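Below is one structure, written out as structure tokens; comments come after it.
Please treat every number below as a calculation from the coordinates, not as lab data. Nothing here was measured: the structure is a model prediction, and the numbers come from that model. Cβ placement follows ideal geometry from the backbone for every residue including glycine, while neighbour counts extend to all protein chains displayed.
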Amino acid sequence: MSQQPATKPIDEVDLETPPPETVRLQATSGFGRVLAPRELWRYRDLAFQIAARDVTIRYRQTAFGAAWAILQPVAFMIVFTVVFGRAAGISSDGLPYALFSLAALVPWMFFANAFLLGSESLVLNQALISKIYFPRIFIPAGVVAAGCVDFTISLLILLAIVLVYGIVPSLAILALPLLIAIAIMTALGAGAGLSAINVRYRDVRYIVPFATQIWLFVTPIVYANSALSQPLRTLSAINPMVGVVEGFRWAVLDTGNAPWDLMGISFVAAVVLLFAGLAYFDRVERSFADLI
Amino acid sequence: MADIAIQAEGLGKSYRLGLNAAYGSLREAVSEMGRRTAGRLVGRGEKPEIDVLWALRDVSFEVEQGEAIGLIGHNGAGKSTMLKLLSRIAEPTTGWAEVTGRVGSLLEVGTGFHPELTGRENVFLNGAILGMRRNEIRKRFDEIVEFANMERFLDTPVKRYSSGMQVRLAFAVAAHLEPEVLLVDEVLAVGDAAFQRKSLAKMAEVARAGSTVIFVSHNLATIQALCERAILLERGSVVTDAPVEEAVTGYLRALERAASDDLLTRTDRDGRGWEESKVSRLAVFDGDSDEADVVVGGRAARIVVEVTEVLPTMECQLTILNSLGQPVTTLDSELSSPADIRDGDSGPRIECRIETLPLIPGRYRIDVLLRGRQEIQDGLQAAAYFDVEPGVIDGRPMPAIGVDGDVVLPHTWQLPA
């Protein structure tokens with residue numbers, strides 16, 4: 001069926017409204033929903049509004065507001081410094097333990113929050129999902145995007161604290177965008193994948209909180225990666241947060257020796273995780289409204 | 001020929017039944033996977049039996065641009081499923097449909113609202129959810145706010161709004177939506193009578209402006225007022241696709257057929273999954289006689305509802321509708337009177353007595369809604385039909401069939417001699 005736009009005199013043609021598009025609805029199989037750029041672009045305004053909503057509501061009606069973005073990692077830093085730095089005397093590669101843990105906690109808290117909130121996000125938005133069509137990936141992606149705002153704030157404060165300690169970051173700081181990209185890919189891959197599983201199996205709600213705890217301890221946050229012996233030390237970087245955390249210490253604290261091996265492995269692992277998460281999401285997205 | 005807005009070919013949608021299919025637990029999925037793998041290894045990959053419900057089956061139709069179409073049918077006939085498919089929320093299991101143009105829906109009040117966001121923020125969010133472009137909302141923002149009459153509260157979180165204000169704002173956004181195809185499920189769009197009235201007005205306007213409208217409603221009068229054509233669905237299939245009068249007649253006949261069935265065997269119930277107690281029988285009696293389903297205007301009538309289970313705080317709502325499916329009156333036990341009797345020994349039985357039946361002769365139907373434990377337990381459309389024979393009210397003969405209106409009020413005249 002052709003949908004010829006009616007012939008109108010030139011001055012009446014409304015440039016803003018494109019000719020009506022025909023959408024074909026039928027059972028689909030395989031992939032191609034999440035990774036459909038045209039479709040995502042068509043709904044870009046909604047994507048923006050969802051992300052804006054997630055940013056706005058995060059600290060509504062809280063006394064400290066966006067300060068929570070840095071209060072959380074700082075609180076952990078204090079506890080870790082007392083318990084692991086002082087009492088347990090864990091090595092911090094010669095850095096002040098407080099800085100050593102804070103540089104790791106800033107990207108970690110971004111990841112942990114995005115992972116936790118992302119995995120719950122589809123279920124929390126079930127009213128929308130069961131009533132309106134839009135590319136569902138916007139929901140977990142919106143959570144991650146909102147987390148990026150926090151991440152930026154806490155990162156700036158981290159840099160300020162580092163300067164106060166008298167450390168002037170070297171050129172290594174230019175690696176930050178790459179490290180942030182790894183953290184975002186990890187959070188989106190894991191968050192989107194688990195949010196999709198959560199639609200069907202609410203077990204996810206119980207798994208994620210303690211999985212996050214375990215993940216915290218298999219990532220060198222309270223300890224240095226150098227405390228591990230080879231080959232575990234390098235292999236551990238298949239946990240993408242290892243590369244992020246060790247990379248952050250190097251980039252922000254000017255430690256000198258770049259953990260390229262860890263960052264490289266973690267980058268690859270993050271890409272794999274992102275694609276796996278999105279691919280699973282893609283497979284099951286079509287049944288969300290039936291199952292949620 | 002006009003352009004086609006919607007074309008559906010062999011559309012079907014099946015759901016797997018049972019709690020397990022919907023949620024399930026990871027443990028069950030893992031053990032299931034194990035069993036299947038084991039089965040495959042042993043060489044008999046038998047598939048587990050799955051209970052499948054076809055909500056829609058092999059549905060084909062075409063809608064031209066600018067047409068207003070009503071979807072009618074019993075509860076569970078597939079109307080809402082059809083809207084879900086057309087709005088892309090759910091994917092069809094079989095067949096296909098092509099929809100041309102921007103699709104918009106009128107939704108339950110506040111679906112797209114976030115309570116923590118301010119009125120202003122919600123206008124943008126809700127507009128985007130309904131499918132409006134951002135600069136389109138920005139352009140019409142002042143109009144929307146003026147329409148809702150809300151300038152003062154724009155920067156107040158919506159959770160502090162009264163429900164009336166929320167409705168006003170939600171509707172103001174919806175009213176500025178200009179879809180090429182509008183899908184409306186009245187059951188979803190309700191929540192508030194004022195909102196519903198406005199929604200209907202908006203739909204009529206959209207239809208007049210040349211958009212295509214698909215409208216799901218139980219209210220046959222509104223369907224007849226708004227649509228030229230209607231599609232009658234029964235158990236997921238198209239039974240009639242015809243001019244609206246013909247389809248409505250078909251629906252009323254189908255309802256009447258259903259009323260003669262044993263009520264407990266009917267599946268078109270409205271119990272929202274509760275159904276601890278169900279309506280097992282509904283009958284109308286004349287005065288104190290035992291003869292069912294024929295009553296005389298102006299005399300006493302009793303409507304007797306038998307239920308399967310007596311629950312605490314049971315309430316019953318009866319709606320009497322005329323032969324065109326238009327509601328005449330609703331009787332609701334929740335609006336109680338000191339004359340009502342609650343009797344622990346009356347058994348699973350509810351009786352509503354009308355001392356002087358003010359209905360003119362004709363055929364009427366009764367829809368029933370049963371509440372208990374503060375929940376809707378059961379609901380049935382066309383639970384019974386009854387005929388009113390001509391009678392006398394206050395010594396005055398009743399008008400015959402064919403006059404306007406359905407009721408007679410007791411009255412007296414004063415006339416020049």
(request) Quick one: among A:Gly277, A:Gly85, A:Gly166, which has the greatest mean-square fluctuation in a GNM of chain A with alpha-carbon springs under 10 angstrom? (result) A:Gly166
(request) Taking chain A as the reference, fit the longest principal axis to its C-alpha atoms, fit the long axis of helix A:204-218 to the helix C-alpha atoms, and give the angle between the two in degrees, 0 to 90, nearest 10. (result) 30
(message) Can you tell me which of A:Glu21, A:Glu246, A:Glu39 moves the most in a GNM of chain A? Springs connect C-alpha atoms under 10 Å apart.
(response) A:Glu21
(request) Sum up the lysine pairs in the protein assembly as shown that clear both bars: alpha-carbon distance under 16 Å and a spacing of 8 or more or different chains. (result) 4
(request) Please state, as a whole number in µm²/s, the translational diffusion coefficient that the Stokes-Einstein equation yields for the stretch B:263-396 at 10 °C and 1.306 mPa s, with Rh defined as the Kirkwood radius across alpha carbon pairs. (result) 104
(message) Stokes-Einstein diffusion coefficient for the stretch A:79-129 at 37 °C in a medium of 0.692 mPa s, Rh from the Kirkwood formula over Cα pairs: what value in µm²/s?
(response) 250
(message) Only Cα pairs within less than 10 Å get springs; with that Gaussian network setup on chain B, which residue of B:Glu116, B:Glu315, B:Glu306 has the largest fluctuation?
(response) B:Glu116
(message) Given an 8 Å cut-off on Cα distances and at least 6 residues of separation, report the relative contact order of the stretch A:98-248 as a percent.
(response) 40
(request) Could you please tell me the mean projected area of the C-alpha convex hull for chain B, averaged over all directions and given in square nanometres to one decimal? (result) 29.8
(message) How far apart, in nanometres, would the label points at A:Thr62 and A:Gln126 be if each is projected 7 angstrom from Cα along the Cα-to-Cβ direction?
(response) 2.6
(request) Take every DSSP beta bridge whose two residues both sit in the stretch B:56-256, then give the antiparallel share in percent to the nearest 5. (result) 30
(request) Using the 2.2 N^0.38 Å rule of thumb for compact globular proteins, work out how chain A stacks up: its C-alpha Rg over that value, please. (result) 1.16
(message) Take B:Thr356 and B:Lys139, extend 7 Å from each Cα along the Cα→Cβ direction, and tell me the distance between the two endpoints in nm.
(response) 6.1
(message) What are the ³J(HN,Hα) couplings of the stretch A:43-54, residue after residue, when phi is run through the Karplus curve with 6.51, -1.76, 1.60 and θ = phi - 60°? Round to Hz, x for glycine and proline.
(response) 9, 4, 5, 5, 4, 5, 5, 5, 5, 4, 4, 5
(request) Output the antiparallel fraction of DSSP beta bridges having both residues in the protein assembly as shown, as a percent to the nearest 5. (result) 75
(request) Please report B:Trp54, A:Trp260 as a ranked list, fewest other C-beta atoms within 10 angstrom at the top and most at the bottom. (result) A:Trp260, B:Trp54
(message) Sort B:Phe124, A:Phe31 by Cβ crowding within 10 Å, fewest neighbours at the top.
(response) A:Phe31, B:Phe124
(request) Report Rg(Cα)/(2.2 N^0.38 Å) for the protein assembly as shown, keeping two decimals. (result) 1.19
(message) Amide H of B:Arg57 versus every other amide H placed in the peptide plane: which residues, excluding those fewer than 5 positions away on the same chain, fall under 5 Å?
(response) B:Lys13, B:Ser237
(message) If I model a spin label as a point 7 Å beyond the Cα along the Cα-Cβ vector, how far apart are those points for B:Arg396 and B:Asp340 in nm?
(response) 3.1
(request) Order by neighbour count: A:Ser92, B:Ser237, fewest other Cβ atoms within 10 Å first, most last. (result) B:Ser237, A:Ser92
(message) Quick one: 3J(HN,Hα) in Hz for the stretch A:231-248, Karplus 6.51/-1.76/1.60 with θ = phi - 60°, rounded, Gly and Pro as x.
(response) x, 4, 4, 7, 4, 4, 6, 5, 7, x, 5, 5, x, 4, 5, 5, x, 4
(request) Starting from the stretch B:315-417, pick out the trypsin sites (Lys or Arg not before Pro) whose DSSP state is loop and whose Cβ has at most 14 other Cβ atoms within 10 Å. (result) B:Arg342, B:Arg373
(request) Using only C-alpha positions, report the orientation-averaged shadow area of the convex hull of the stretch B:323-417, nm², one decimal. (result) 9.1
